[in-house]
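These notes are about the structure you will find just below.
The values are calculated or read from the model by the stated rules, or taken from the named source; none is laboratory data. What you are looking at is a predicted structure, and each value in this text was computed from that prediction instead of being measured. Reconstructed Cβ throughout: ideal geometry from the backbone, glycine too, with neighbour counts over all protein chains shown.
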Amino acid sequence: MKFRAKIRSFKDITPTVRHFNLEVPLEIDFKAGQFLITDIPTETGKVKRSYSIASDPTKKGIIELCVKKIENGVGTRFYFNLKEGDTIDYTGPVGPFKIKDYQKNIAFISTGTGIAPFRAMIPDVLRQSDKKVVLLTGYRYDEELLYDKEMKELQEKYPNFSYYTCISRPKEGKGKYVQELLEHLPEDAAVYLCGLRAMIDDITKKLEEKGIKNIYFERYD
């Protein structure tokens, strides 16, 4: 489905990530984990870039996106020059990256902006299930943590939700990678991965070695 959205507001939530709050038609409905395709105008025609929806699917008329600044990126040039009130053309919501079974223990594993779809999926799961839900998320630098306060608040609200994070290049102390957090996986969990290919391939291999079969992923490259 093609539609037009208007920027209600935006803010920089890290030095390299901007969070957008969009006003969309009320009939736009999405499943937690899906994404939008942005039609970006350029001098040589339109190009398409995809962004995971980073908002609760129960919020009608609103969609939120998490956009990372990438040097010389087409999407970066477009999004980081927008103003409040500007409009954007989208196709979607689309994508098969959705919760397959709400009655299983679930682990979400992400790096960087890979947390975006999980910001939609985790509240969706917690409202519907009392099974164990775990988020393991890694970042390169201390100042790059995304939605940390929100995840800590969810952890306080839902006793079945656990949140673990790590920094690979911290200002102080030894760095740690998200692969080192796998000890916190719930037993017999379905695992959802989101981030860059290298991380997903490495963790998928480790999970398969542990005998975990229910593995789902969304790659950002």
Output for the range 44-59, where each listed residue is more than 12 Å from the chain's Cα centre (by Cα), within 23 Å of I115 (Cβ to Cβ) and not in a strand (DSSP E or B): P57, T58, K59
For A116, all conditions in the list (1) assigned to a strand (DSSP E or B); (2) crowded, with 24+ Cβ neighbours inside 10 Å hold save one; what is the number of the exception? (1)
Checking the structure you have, find out if any residue of the range 144-151 is outside any loop (DSSP other than H, G, I, E, B), out of contact with any Leu (no Cβ under 9 Å at 6 or more places or on another chain) and in contact (Cβ under 8 Å) with a residue 40 or more places away in the chain. yes
Return the residues of the range 1-40 that are in contact with a helix residue (DSSP H, G or I) (Cβ under 9 Å, 6 or more places away or on another chain) and in a loop (DSSP other than H, G, I, E, B); say none if nothing qualifies. P15, T16, F30, K31, A32, G33, Q34
Pull up the range 70-82, narrow it to residues that are part of a loop (DSSP other than H, G, I, E, B) and either touching a strand residue (DSSP E or B) at 6+ places or on another chain (Cβ under 7 Å) or among the β-branched types (V, I, T) (or both), then point me to the one that is modelled with the lowest pLDDT. I70
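Each row is one residue, and each column tells you yes or no for (1) surrounded by 16 or more Cβ atoms within 10 Å (Cβ to Cβ); (2) at pLDDT 95 or above.
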{"position": "F10", "(1), (2)": "yes, yes"}
{"position": "I13", "(1), (2)": "no, yes"}
{"position": "V24", "(1), (2)": "yes, yes"}
{"position": "L36", "(1), (2)": "yes, yes"}
{"position": "V47", "(1), (2)": "no, no"}
{"position": "I53", "(1), (2)": "yes, yes"}
{"position": "K60", "(1), (2)": "no, no"}
{"position": "E64", "(1), (2)": "yes, yes"}
{"position": "V67", "(1), (2)": "yes, yes"}
Residue match in the range 85-93 (condition: surrounded by 15 or more Cβ atoms within 10 Å (Cβ to Cβ) and assigned to a loop (DSSP other than H, G, I, E, B)): no
Subset of the range 159-168, residues more than 20 Å from the chain's Cα centre (by Cα) and surrounded by 14 or more Cβ atoms within 10 Å (Cβ to Cβ), comes to N160
Wholly enclosed strands (runs of 3 or more DSSP E) of the range 159-221 bearing at least 1 residues of a type in the set (A, V, I, L, M) and closer than 21 Å to D130 by Cα: 189-195, 215-219
Would you confirm whether any residue within the range 155-164 is touching a Pro at 6+ places or on another chain (Cβ under 8 Å) and of a type outside the set (D, E)? no
In this structure, does K171 turn out to be surrounded by fewer than 19 Cβ atoms within 10 Å (Cβ to Cβ), more than 23 Å from K100 (Cβ to Cβ), without any contact (Cβ under 8 Å) to a residue 40 or more places away in the chain and touching a helix residue (DSSP H, G or I) at 6+ places or on another chain (Cβ under 6 Å)? yes
From N81, N72, grab the single residue that is among the polar types (S, T, N, Q), at positive phi, surrounded by fewer than 17 Cβ atoms within 10 Å (Cβ to Cβ) and not assigned by TED's automatic domain parsing to the domain that holds C194. N72
Given the residues I122, I70, I88, I115, which is the only one that is farther than 23 Å from D148 by Cα and either in contact with a helix residue (DSSP H, G or I) (Cβ under 9 Å, 6 or more places away or on another chain) or among the basic types (K, R) (or both)? I88
Scanning the range 41-61 for residues that are touching a helix residue (DSSP H, G or I) at 6+ places or on another chain (Cβ under 9 Å) and over 28 Å from F217 (Cβ atoms) gives P41, T42
